[in-house]
1. Regarding A:Y464, is this residue assigned to a loop (DSSP other than H, G, I, E, B) and at pLDDT 90 or above?
2. Of the residues A:R509, A:R543, A:R526, which is surrounded by 15 or more Cβ atoms within 10 Å (Cβ to Cβ), in contact with a strand residue (DSSP E or B) (Cβ under 8 Å, 6 or more places away or on another chain) and not aromatic (F, W, Y)?
3. List, please: which pairs have Cβ atoms under 8 Å, are six or more places apart or on different chains, and start with a residue in the range A:726-749 that is touching a residue at least 24 places away in the same chain (Cβ under 8 Å) and end with one that is open to solvent by 40 Å² or more (accessible area, probe 1.4 Å) and aromatic (F, W, Y)?
4. For the range A:785-815, name all the residues that are among the hydrophobic types (A, V, I, L, M, F, W, C) and touching a Gly at 6+ places or on another chain (Cβ under 6 Å).
5. Looking at (1) open to solvent by less than 20 Å² (accessible area, probe 1.4 Å); (2) touching a residue at least 24 places away in the same chain (Cβ under 8 Å); (3) among the hydrophobic types (A, V, I, L, M, F, W, C), find the lone condition where A:V516 falls short.
6. Quick one: in the range A:360-388, which of the residues that are open to solvent by less than 50 Å² (accessible area, probe 1.4 Å) and not in a loop (DSSP other than H, G, I, E, B) is farthest from A:N420 (Cα to Cα)?
7. Checking the structure you have, find out if any residue of the range A:49-67 is free of Cβ contacts under 8 Å to residues at least 60 places away in the same chain and either in a loop (DSSP other than H, G, I, E, B) or over 30 Å from A:S664 (Cα atoms) (or both).
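The values are calculated or read from the model by the stated rules, or taken from the named source; none is laboratory data. Since the structure is predicted, the reported quantities are computational estimates derived from the model, not experimental observations. Using ideal geometry, Cβ is built from the backbone for each residue, glycine included, and neighbour counts are taken over all protein chains shown. Quick note on the areas: whole protein, heavy atoms, side chains included, nothing else; ligands and nucleic acids left out. Shrake-Rupley method; radii C 1.70, N 1.55, O 1.52, S 1.80 Å.
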Amino acid sequence: MPERYEPKTFEDKWRSRWGEAKLFQTREVPGKPKFYGLDFFPYPSGAGLSVGHCRNYIPTDVICRKKLMEGFNVLHPMGFDAFGLPAENEAISKKTHPSPMVKSYGENYKRQMDLVGISYDWSRSFFSSDPEYYRWTQWIFELMYKKGLAYRRLAKVNWCPMDKTVLADEEVEGGNCWRCGTAVEKKDIPQWFFKITAYAQRLIDDLDTVDWPEGIKNMQRNWIGRSEGVEFDMKVAFENRDSESAIRELASDSQIPTSDSDDFVVISHERGPHFRVFTTRIDTIFGMTFCVIAPEHPLVETILATVDSARKAEVYSYCSATKEISDIDRQATSREKSGVFTGAYAVNPANGKHVPIYVADYVLMGYGTGAIMAVPGHDQRDFDFAKKFGIEIIPVITDSLTSPNSPHQAFEAKDGILINSGEYDGLTVAEAQKALGEWMEGLEIGERIVRYKLRDWLISRQRYWGCPIPVVHSKDGDQSLVLEEDLPVELPDVESYEPADDGSSPLSRIPEFVNVTDPDGTLGQRETDTMGGFACSSWYFLRFCDPTNSEHPWDPSKAEYWMPVDCYVGGAEHAVMHLLYARFWTKVLFDEGLLSVNEPFQRLMNQGQVLGLTPYRKPQEGEKLQVGEEGLLISFDEAAEIQAKIKSGELDGDSLFYRWARMSKSKGNVVTPDEMVDQYGADALRIYELFVAPFESDVQWSNEGVAGATRFLNRVFRWVSEVQDYYEPNWESFLATEEIVGKGTGIRRAVHRATKKISADIDRFAFNTYVSEMMKCLNTVTDSLKNADWTDRGFILAMSEAVETFVLLLAPAAPFSADELWESIGRVGFTLNVHWPSHSESIAAEDTITVAVQVNGKLRDTITLGADATNEEMEAIALASEKVIIHTSGKQIQKVIVIPAKLVNIVAQ
RNA sequence: GCCCAGGUGGCGAAAUUGGUAGACGCGCUGGCUUCAGGUGCCAGUAUCCGCAAGGAUGUGAAGGUUCGAGUCCUUUCCUGGGCACCA
């Protein structure tokens, strides 16, 4: 038995023994509780795993290993999200085919995961690009189609000119493609959508039933964007009677109602022009001093037909100018408001007032009705617009603390009292919203409704490397599903699969794929778009329950047993993509009776990122920077050169700087588990990753810390080897009858305390304190090794218990070392098959307590008492303390507060 | 602008319900072991004053509640993340 941690002498041995024993194979032993621990489905990149990935996989592994030891049936699978853009782009750049490429990358991932000792059941693994898997992705698509939840329509969609495909709304970040950062364009193409909007409310409501980080839940709520408000009709009025004839021509019904005002011709809203607006602040309706419609709003055409040619030209040029501005620019909040008066007026239904209708690009056609009532007194955007165009600002909500007439900004208070609002004066905002909503509903000019920002999920991609959409288009324009028995529609194996600039799919260039004969003999053409990668990852966790089923996507009884995922671990970057889609699919499958759960992931945890040190160089003259960058990424070699030049005075110190950045191959800051395992060992890497910071915090990687973990493991090995010769394997039965006195009690106390603390820490994802408790426990037991009396029987028994328990507590974090140590004390088999240690409260309890003694809340003394000391004893001894007497001299003791076993506070004045 | 998550030594951090702030580790300092050390062991390490005993200060800032606040309340500043002319 070595006195040091020498991982190279035993890691390979245990890796192969675990494999031979099929140690990680999922067991479904009847009568045991189940635990499903899952990591996010990774895309196997050519760069391989970094220590950042390990920060995801190691904690999940710790949890799963502990659950196994606690007697659970554990499902801990891993597979690969192989379809999709990143794989295809990587294959194109390497001039290879994605299929063999992702397989070899997946193999490399598996090798690295095994290297680190992650306990995955590889017998359940698959790639999302396997036909046996995507067959069922297509099957679920067909289910969606039959339920009316998958449909195709012409839509203005986000087009990435670099990746040459459309993107879902969730894949656009600040107007740019989430993968390549290119500005997206708008394009009109017929596209496939999933009707996720039908589930908007349930996707919000059921967030209350899952144990997820509050931040992720909020991001989903914001993304779905529920808002409650009132949608109502407004009549349009025109400036002069000349317009009336124009309207008469426009209206299908020539009967023009009479005017209800001397100055205006008013068209009834049933017959003539009218428009609807949506507002969340119906309570401010008396403050409406204008209306705004989006430049794309159909009402613009109607109004233009009625106005003089000069105004017509002005409005028309504004609307066409808007089309030239990109969405990103148009939606920049910093932009100054622009717009133009249309010549028409809207009639406020609440007070009959006529307010001008403007066209302005700050109102978007894509949300609500594309038209708003503008209340500059209580909406900052309307306020800015009113200021610029000199429109009246009427305050209608007041708050005793804030001036409603503030000239610099709108008063957007959500609570307050109504003023200037006729019969509604004096009501609160909430009361007025209810009253006005009911009033409008009574008159049938409006109704209270709920709106969502969420839009349907666009899944078509004009790319090769994805799951084919199992649809055939017939010549007459009909579309039909591929028969279930003909699934999967296999992706053809072709050499050339590059995307096309015109938005056509590469599959459309393959006649053998496109042209098919329908069962009824007619000629049809296959759909050539493929599904975006997120479709494939929306159900993989279900397939893991029954991965080799060739008759069904899964056996419902198996899904019922394993689902939901008890603990799902991955990065926060998927908050509104994968995590929303997977919830949606789960709900659809639940509604179909295929699942017994409504939510797929009961508990979600987001690990922090691992950041690598990244050198940058300030640009020299003529060099261009990427958008948002302050310097140019350089290699560490280049950084070293520049540093030498700075030292010699050739360059100034500002020309180089370092930054912590997410590890990526392109940044050259990746630290791989391979190099860490080689240098320090897998267990040292695991211990360090667990210990370095709280699970959810980002960490700045340093190799020095790994060396610290090695030191800890060294000390563990030295301790066990020292105890080894005296180790009593039957300590448990002896301890049951023999009473331990002296040094042994302290050892036992430390071990039982550690067992208690560690069991709780792992459950609450506090892996850093798990490791620190191991270190503390080790410090205690090795301290008692000094002047050890190996003739003391109690000491030997306690030490034997300590070694064995410690090794088991260590097992989830450092499984290689644990099994090696286990063997070295003569035990047979694997720690994973041994039951997790339990603790005794009475042994863990201290026999003395340290009482803090305060005078007026300041610590003045600490005293040690027997654990059974009463409050009265604590008080008496505290009052007798010399330091207390000094600090209370000349003062009157007002009262004494005693917290049992903790503290005495003497209040003196 | 809105919504989250955070601010604790030189550094990573700890502190179940309000009850001895800084556990555990890294780094650093001194000592021992060593031909040597990127080894191991021992001691020290929040700040300020002091030889020491001891004292004062101290969890971003300012108030408040309390016998007692890192923890609860109010205001505010800063950092990171997300959303954003969404009516």
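1. On the way: assigned to a loop (DSSP other than H, G, I, E, B): yes; at pLDDT 90 or above: yes.
Criteria met by A:Y464.
2. Values: A:R509 fails: in contact with a strand residue (DSSP E or B) (Cβ under 8 Å, 6 or more places away or on another chain); A:R543 fails: in contact with a strand residue (DSSP E or B) (Cβ under 8 Å, 6 or more places away or on another chain).
Just a single option satisfies the conditions, and that option is A:R526.
3. From the range A:726-749, the pairs are A:Y726/A:W790; A:E728/A:F734.
4. Filtering the range A:785-815 for residues among the hydrophobic types (A, V, I, L, M, F, W, C) gives A:785, A:788, A:790, A:795-799, A:802-803, A:806-811, A:813-814.
Correct list: A:F795, A:A798.
5. (1)
6. We begin by selecting, within the range A:360-388, every residue open to solvent by less than 50 Å² (accessible area, probe 1.4 Å); these are A:360-363, A:368-379, A:382-383, A:385-386.
Next, only the ones that are not in a loop (DSSP other than H, G, I, E, B) stay: A:371-374, A:382-383, A:385-386.
Values: A:A371: 24, A:I372: 20, A:M373: 17, A:A374: 16, A:D382: 18, A:F383: 18, A:F385: 21, A:A386: 19 Å.
So, considering only residues that are open to solvent by less than 50 Å² (accessible area, probe 1.4 Å) and not in a loop (DSSP other than H, G, I, E, B), the one farthest from A:N420 (Cα to Cα) is A:A371.
7. There is at least one residue in the range A:49-67 that is free of Cβ contacts under 8 Å to residues at least 60 places away in the same chain and either in a loop (DSSP other than H, G, I, E, B) or over 30 Å from A:S664 (Cα atoms) (or both).
Residue by residue, here is whether (1) within 13 Å of RNA strand B (Cβ to nearest atom); (2) outside any loop (DSSP other than H, G, I, E, B); (3) more than 30 Å from A:T9 (Cβ to Cβ) holds:
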{"residue": "A:D637", "(1), (2), (3)": "no, yes, yes"}
{"residue": "A:Y658", "(1), (2), (3)": "no, yes, yes"}
{"residue": "A:A661", "(1), (2), (3)": "yes, yes, yes"}
{"residue": "A:D674", "(1), (2), (3)": "no, yes, no"}
{"residue": "A:V677", "(1), (2), (3)": "no, yes, no"}
{"residue": "A:V706", "(1), (2), (3)": "yes, yes, no"}
